[in-house]
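The values are calculated or read from the model by the stated rules, or taken from the named source; none is laboratory data. Note that this is a predicted model, so its numbers are computed, not measured. Ideal geometry is used to build each Cβ from the backbone, glycine not excepted, and the neighbour counts take in all protein chains shown. Just so you know, the surface numbers come from the protein's heavy atoms only, side chains and all, with ligands and any DNA or RNA stripped out. Shrake-Rupley method; radii C 1.70, N 1.55, O 1.52, S 1.80 Å.
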Amino acid sequence: MKQVYALIIPALAVLLLAGCGKKAEEDEMQMHSGTPVSERLAMYAGVDIEVDLSGLTERQRALIGKLIEAGRLADEIFWLQSSHDAVAVRDSLLLAGGMENDVLKYVMINYGPYDRLLEGERFVGEGPMQKPAGAAFYPADMTKQEFESWVTAHPHQKTAFQSQYTVIEREGDNLIAVPYHLKYPQVARIAVLLEEAADLADNPSLKAYLQLRAKAVATDQYYESDMAWMDLRDNDIDVVIGPVENY
């Protein structure tokens, strides 16, 4: 399973997990039979998270601002990775009626039209009734057998194709592996923001981690920055950003 982007600042209790009108209205109406969205929403509880920043310095607050901006960009990447049409479904519903729409609220919770609690079943719009096993990391019509056959026939591409940090795409009759830092334009800006955050960090271990993480997201080489995160000491701010939680 490919990895996803997320931003977490646990020390501050902040979690930042990122057609036309007629078509949007049609998508809104194309609800599938089964559990109504109102009942699906009832399975979740809203939580207000408040953060007291009064104990932080101005530099620390500015640093957190950089991390929040980077987190929003990471959130955009997560939407792109969730499913091939997650962004299209979200935006069509936004055009149709905005956030008062219960279907849109549920799409926002699930980062797309597939229900994460109910075994990945699709609950709105046209598309596969079950979330593709490869999410948006592989062509929607790709099978496991096709992937394995391609790697067997092209052993020189095996490392790239099995990397945790590539997206597999079709290029004519060929398959290609595209590194995250080339696939997602948001990555370049995330790297800049992490560098700017590092400049604001007074804690040496946090500064070192942010500098290494900026390099990591720009190159898809994460080991060194992962080790630096383990070495964070005596800091009030903690951040995890990049492809994480791989199983």
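Scanning the range 142-164 for residues that are open to solvent by 70 Å² or more (accessible area, probe 1.4 Å) and in contact with a Pro (Cβ under 9 Å, 6 or more places away or on another chain) gives a single hit, GLN164. Can you find a residue that is farther than 30 Å from ALA201 by Cβ, open to solvent by 20 Å² or more (accessible area, probe 1.4 Å) and of a type in the set (Val, Ile, Thr) anywhere in the range 82-92? So far as the range 82-92 goes, yes, one or more of its residues are farther than 30 Å from ALA201 by Cβ, open to solvent by 20 Å² or more (accessible area, probe 1.4 Å) and of a type in the set (Val, Ile, Thr). Filtering VAL178, VAL192, VAL187 for residues that are touching a His at 6+ places or on another chain (Cβ under 9 Å) and either open to solvent by less than 70 Å² (accessible area, probe 1.4 Å) or closer than 18 Å to ILE68 by Cα (or both) leaves a single hit, VAL187.
Set side by side, the residues ALA133, ALA96 differ, and just one is at pLDDT below 95 and surrounded by 16 or more Cβ atoms within 10 Å (Cβ to Cβ), which is ALA96.
Here ASP173 fulfils each of the conditions (1) among the charged types (D, E, K, R); (2) open to solvent by 50 Å² or more (accessible area, probe 1.4 Å); (3) under 30 Å from GLY55 (Cβ atoms) apart from (3). When the residues of the range 99-117 are narrowed to those that are open to solvent by less than 30 Å² (accessible area, probe 1.4 Å) and of a type in the set (Ser, Thr, Tyr), which ends up farthest from GLU39 (Cα to Cα)? That would be TYR114.
In the range 49-77, what residues are modelled with pLDDT under 95, more than 23 Å from ASN110 (Cα to Cα) and touching a strand residue (DSSP E or B) at 6+ places or on another chain (Cβ under 8 Å)? Across the range 49-77, the qualifying residue is only VAL51.
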